[in-house]
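None of the figures in this text is laboratory data; all of them are computed from the coordinates on show. What you see is a predicted model, and the numbers here were worked out from it, not measured in a lab. Don't worry about glycine lacking a Cβ; one is built from the backbone with ideal geometry, like all the others, and counts go over all protein chains shown.
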Amino acid sequence: MNRVRLIIFNAALGALDYKVPNGMNVEHGSVVVAPLGPRQIIGIVWEEDRLPGDTVAESKLRPLLEVLPIPPLRKELRRLIEWTADYYCAPLSSVARMVLSSGGAMRGPSTMTEYRLSGTEPERMTPQRAVAMDALKNEQATIRELAELASVSDAVLRGLVNQGVLEPVEVNIDRPYPKAKADFDQPKLSENQQEVADRFVEAVEARTFAPFLLDGVTGSGKTETYFEPVAAALRTNRQVLVLLPEIALTEAFLRRFEDRFGAVPIVWHSSLKSTERRRAWRAIAGGEAQVVVGARSALFLPYANLGLIVVDEAHEISFKQDEGVRYNARDVAVMRARFEKIPVILASATPALESLQMAESGIYKRLELPSRFGGATLPTISIIDLNESKPERGRWLAPELVEALKLRLEKGEQSLLFLNRRGYAPLTLCRNCGYRFQCPNCSAWLVEHRFSQRLACHHCGHETPPPPTCPDCGETDCLVACGPGVERIADEVAEILPEARVSVATSDTLNTPEKAAAFVAEAEAKAIDVIVGTQLVTKGFHFPELTLVGVVDADLGLEGGDLRAAERTYQQVAQVAGRAGRGSKPGEVFIQTRHKDAPVISALAAGDRDAFYDAETEARRGAGAPPFGRWAAIIVSSEDENEAKEAARAIGGTRPNLPDVMILGPAPAPLSLLRGRYRYRLLINARRSAQVQDIIRSWLGDLNFGRGVRVSVDIDPYSF
Ligand code: ADP
Ligand code: ZN
């Protein structure tokens, strides 16, 4: 090639053409450095005919500067990048950036410098230094990362480096990972597991696209079953990607993986240290990485030779990214498998209706594990009607549930109370004047967190200590907590059962893999009697001594503008119920509700999954909702409320008039203020067959807005 077209990371500039200097070797997918004005930029060499751009005269082209020493992005990945951009109406450059900048580091040497405390005291101790040094105990990372951890500027830490208080450590980022062995400790599978595993292994060996829905009840041994095709891929030196919905789950998974394969897999998530991130990225691109366990972003890594993708807990909403490129990793995983011509396994006890529908129509192959492994029985489920069986005043647990908790404690068994609400109370108000604490950046209430003594916004992270006086009327000691969060339920348990050891499990308390691991270890060692947790505890965990599950408020998820509210409620309650009785002792589940006749609650009570899915299918069909119709959202935001509103109106004013497409709005988005930006929204509901993306592209393509306006498209949105 003597001229090339590049994707660069600035959508506004589009594709750019360059000249290839003599002797430089580039191919499609090569990552290169190019001049742009006085700057240097990184770009990816792309097929010219697949990337519209203005063809520039040969004589005007500037030469490329350098080819980075990393493998070119393979054709399969390039097609996935294009598909993702096209399907989710996102700029190609944004998708390409997820592939590269997630690596963070293609250039540079194979060592990086991290720093840690040396034990030397600084010549002069300042309060800032003391705080920083305290925060950095047991930490080792780059200066930038340490500065973030300690909430100080880089300069403060540089000062400490100069005085020898922080010492450098050279980290070799190309050091190899331990090798997994396919035959390390093979379990004896049940007959049913073996049948399913054989199908997976066949598909891995056949090296063809094969999407599977592994539909197995909680505790049926899905993990063991999909470990067999993982082994098959390892045997033939191909890479495996396992997507998990939550980093808190990773730790337990890693241990299980290590038991089976004799080595821990590579972990990929957004809070990796930059040295680890670089190391993983290079091993993945170079083909040395065998198995990667990751959050959704691991899907866009440049695997050298992928042989299998597994999406565990595939129904989870955390696979949906709600910022930047708004993709659903479950769907992209299937597309990646298609481009790579490999099998993909979506595993779940409560599959998304969309996935079941794909199985129904023969596109996915559904394989079932209908019973629990080793003869464990599914728990019995009882409904507590809160209209009749009332908790005491100021409390949230009904008498039956309290009795059941007491009984477990007497028997030395564990209980789990589930409430999907972090913090102590969702709303704080002044008893004197009624003032409510609201986030200054979002249209949301501040949530009281007693452990950390903060009022916090769950949307933007804004935090403030609870003030001693009401900011409105000035009264002292007047703040009252309204409604329960998990911390408050934990308090209630402590009052009812003072001798019980209670542990709160949320993304606040288990926010690092280490804390999550410590929690799992404690629970397994029976050092916890009652776990009070959010959706974090609904999945993955396997505690054999846990025999009671109480759902504190099953109605919580049914409120609010979520198009999959019923499905979500079903999934969460069924999953959390699935934590009970996984060992030899049978489990019991209590569900507190005010709507015992709602279809989702009665299906749960009857343990009749099909009844729920049938009712939900009919409701969705009637509403033209997925999988029978399609939804998309256009979100317009600006820091200036008027500007946002005007832009949304302008979009609304040019709406296309099409027979199979209904367009609603603009209207203020449910979170009408988020992180300081005012948000308006239009909703599009169309027939399955409508080319929604094309419609949106041509609709928005000709419109121009002020610089402060951001317009984003959400295809297949989760919440309205
Ligand atoms: P699921 O993911 O379907 O909820 P798991 O894979 O976590 O189920 O399995 C539930 C429990 O049964 C785990 O403790 C697991 O180790 C055990 N188990 C499953 N299959 C086997 C097997 N073939 N041999 C031994 N133990 C198994
Ligand atoms: Zn906020």
Worksheet item: Looking at the square roots a ≥ b ≥ c of the eigenvalues of the Cα gyration tensor of region 379-512, which shape do they give, rounded for a/c under 1.5, prolate if a/b is larger than b/c, or oblate?
Response: prolate
Practice prompt. Taking the dipole about the Cα centre of the chain, with the C-beta of Lys and Arg at +1 and of Asp and Glu at -1, give me whichever of Ser415, Ala130, Ile266 is farthest to the positive side.
Written response: Ile266
Practice prompt. Tell me which residues come under 5 Å, amide H to amide H, from Gly29 once H is placed; ignore anything under 5 positions away on its chain.
Written response: Val45, Trp46
Worksheet item: So which lysines pass the test for Lys390, namely a Cα distance under 20 Å, with those fewer than 8 places away in the same chain ruled out?
Response: Lys406, Lys596
Fill in: For Arg501, residues with placed amide H under 5 Å, excluding near neighbours
Asp529, Val530
Fill in: Within the chain, percent of DSSP bridges classed antiparallel, to nearest 5
55 percent
Discussion item. Suppose each label sits 7 Å from its Cα in the direction of the beta carbon; what would the Ala494-Ala304 distance come out to in nanometres?
Written reply: 5.3 nm
Fill in: Candidate lysines for bridging to Lys411, where Cα separation is under 21 Å - those fewer than 8 sequence places away on the same chain excluded
Lys526, Lys585
Practice prompt. Please report Rg over Rh for region 81-238, where both radii come from the alpha carbon positions and Rh follows the Kirkwood definition.
Written response: 1.17
Fill in: Spatial separation of Cα centroids for region 176-195 and region 318-352, in angstrom
24 Å
Discussion item. Per 0.36 nm of contour for each residue apart, how much would the distance between Trp83 and Asn162 grow if the chain were fully extended, relative to their Cα-Cα spacing?
Written reply: 23.5 nm
Worksheet item: Which value, in debye to the nearest 20, gives the size of the charge dipole of region 629-715 about its Cα centre, when Lys and Arg are +1 and Asp and Glu are -1 at the Cβ?
Response: 240 debye
Discussion item. Suppose every Lys and Arg Cβ carries +1 and every Asp and Glu Cβ carries -1, with no other charges. What dipole size does region 111-172 come out with about its Cα centre, to the nearest 20 debye?
Written reply: 160 debye
Worksheet, complete the sentence: If Ser638, Ser190 are placed from fewest to most neighbouring beta carbons inside 10 Å, the sequence is Ser190, Ser638
Item to complete: Considering the convex hull of the alpha carbon atoms of the chain, report its projected area averaged over all viewing directions, in nm², one decimal.
Response: 35.3 nm²
Discussion item. Let me see the P(r) profile for region 557-623: every Cα-Cα distance counted, bins of 10 Å, each bin given as a percent of all pairs.
Written reply: 19, 51, 24, 6, 0
Worksheet item: Dipole size in debye (nearest 20) for the chain around its Cα centre, Lys and Arg Cβ +1, Asp and Glu Cβ -1?
Response: 1740 debye
Worksheet item: Per the Debye formula with a single identical scatterer at each Cα and no solvent contribution, what log10 I(q)/I(0) holds for region 629-715 at q = 0.12, 0.16, 0.18 Å⁻¹?
Response: -0.33, -0.57, -0.71
Practice prompt. Could you pull out every residue, at least 5 positions away or on a different chain, whose amide H is within less than 5 Å of the one on Leu306? Hs are placed 1.01 Å off N in the peptide plane, and Pro or chain starts have none.
Written response: Gln239
Fill in: Label-point separation, Glu475 to Arg501 (7 Å along Cα→Cβ), nm
4.2 nm
Worksheet entry | Pairs beyond 29 Å (Cα-Cα), from Lys181/Lys320; Lys75/Lys539; Lys181/Lys222 | Lys181/Lys320; Lys75/Lys539
Practice prompt. Determine, for Asp555, Asp183, Asp54, the number of other Cβ atoms within 10 Å of each Cβ, and report the residues in order from fewest to most.
Written response: Asp54, Asp183, Asp555
Worksheet entry | Ranked list, fewest to most other Cβ atoms within 10 Å of each Cβ, for Phe543, Phe319 | Phe543, Phe319
Worksheet entry | Estimated [θ] at 222 nm from DSSP helical runs (n ≥ 4, -39500 (n - 2.57)) normalised by residues in the chain, nearest 500 | -9500 deg cm²/dmol
Worksheet item: Straight-line reach from Lys137: which aspartates and glutamates have Cα under 16 Å away, leaving out those fewer than 8 places along the same chain?
Response: Glu114, Glu121, Glu145, Glu148, Glu167, Glu514
Practice prompt. Pick out, from Val480, Thr250, Leu189, the residue whose Cα sits farthest towards the positive end of the charge dipole of the chain, with +1 on the Cβ of Lys and Arg and -1 on the Cβ of Asp and Glu.
Written response: Thr250
Response to the item:
Given Cβ charges of +1 for Lys and Arg and -1 for Asp and Glu, the option among Val20, Ala566, Ser719 whose Cα lies farthest towards the positive end of the dipole of the chain is Val20
